[in-house]
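Heads up, the thing below is written out as structure tokens.
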Amino acid sequence: MKIKTDRFGELEIRKEDILNFATGLLAFEHLHNFILVEVAENPVFKWLQSTEDSEIAFLVVDPFVIKGDYSVYLSENIRTELEITAEEDVIIYTIVSVPLGGLKDATTNLMGPLVLNAKAHKGKQIVLENKELTIKYPLFPKVETKKVCGG
């Protein structure tokens, strides 16, 4: 089947590539079906493209690459809802925000990860209760530079 998108033009997709988010995403509860589109230049990133609204696509990233000690607890309710029976069925992404300053100032929402079961074609955005996490975790942390004065 074909879908039209503002960002990618017309895409040929397979029905089995569609991920169903039964409750939508936060602030986008009316959208339920999405596909993942590869970012050829950098496989750490993907686009989560709505199949229902051609304008809606979210840049997502593998949070474990960005923050090595990141962890997500999945309750039994979420595991049941997404039909998760094995850890290898679970894929986690977080949504990236790119401000006007460009990619160097991009952040990702570690508190609201997307939990996917690609095998069951289901997804859910959850909200983690870990107060140490942030919704604006920098993708590219600023490196402090110190001036050394000679003397």
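The values are calculated or read from the model by the stated rules, or taken from the named source; none is laboratory data. Please read these numbers as outputs of a predicted model, since none were measured by experiment. Here the Cβ positions follow ideal geometry from the backbone for every residue, glycine too, while neighbour counts run over all protein chains shown.
Just one of the numbered conditions (1) of a type outside the set (G, A, S); (2) modelled with pLDDT under 95; (3) within 16 Å of the chain's Cα centre (by Cα) is not true of L48: (2). Picking from residues in region 108-130 that are under 19 Å from A57 (Cβ atoms) and surrounded by fewer than 19 Cβ atoms within 10 Å (Cβ to Cβ), the one that is modelled with the lowest pLDDT is A118. When Q125, Q49 are checked against the criterion of being in contact (Cβ under 8 Å) with a residue 12 or more places away in the chain and in contact with a Pro (Cβ under 8 Å, 6 or more places away or on another chain), a single residue qualifies: Q125.
Across region 1-43, the qualifying residues are those that are more than 23 Å from A120 (Cβ to Cβ) and small (G, A, S), and the one among them that is modelled with the highest pLDDT is A27. Take the residues in region 57-84 that are among the aliphatic types (A, V, I, L, M) and within 30 Å of K104 (Cα to Cα); name whichever of them is surrounded by the fewest Cβ atoms within 10 Å (Cβ to Cβ). Per the stated criteria, the residue is V65.
For the structure I just gave you, tell me whether I35 is free of Cβ contacts under 8 Å to residues at least 40 places away in the same chain, part of a loop (DSSP other than H, G, I, E, B) and either in contact with a Ser or Thr (Cβ under 7 Å, 6 or more places away or on another chain) or surrounded by 17 or more Cβ atoms within 10 Å (Cβ to Cβ) (or both).
It is false that I35 is free of Cβ contacts under 8 Å to residues at least 40 places away in the same chain, part of a loop (DSSP other than H, G, I, E, B) and either in contact with a Ser or Thr (Cβ under 7 Å, 6 or more places away or on another chain) or surrounded by 17 or more Cβ atoms within 10 Å (Cβ to Cβ) (or both).
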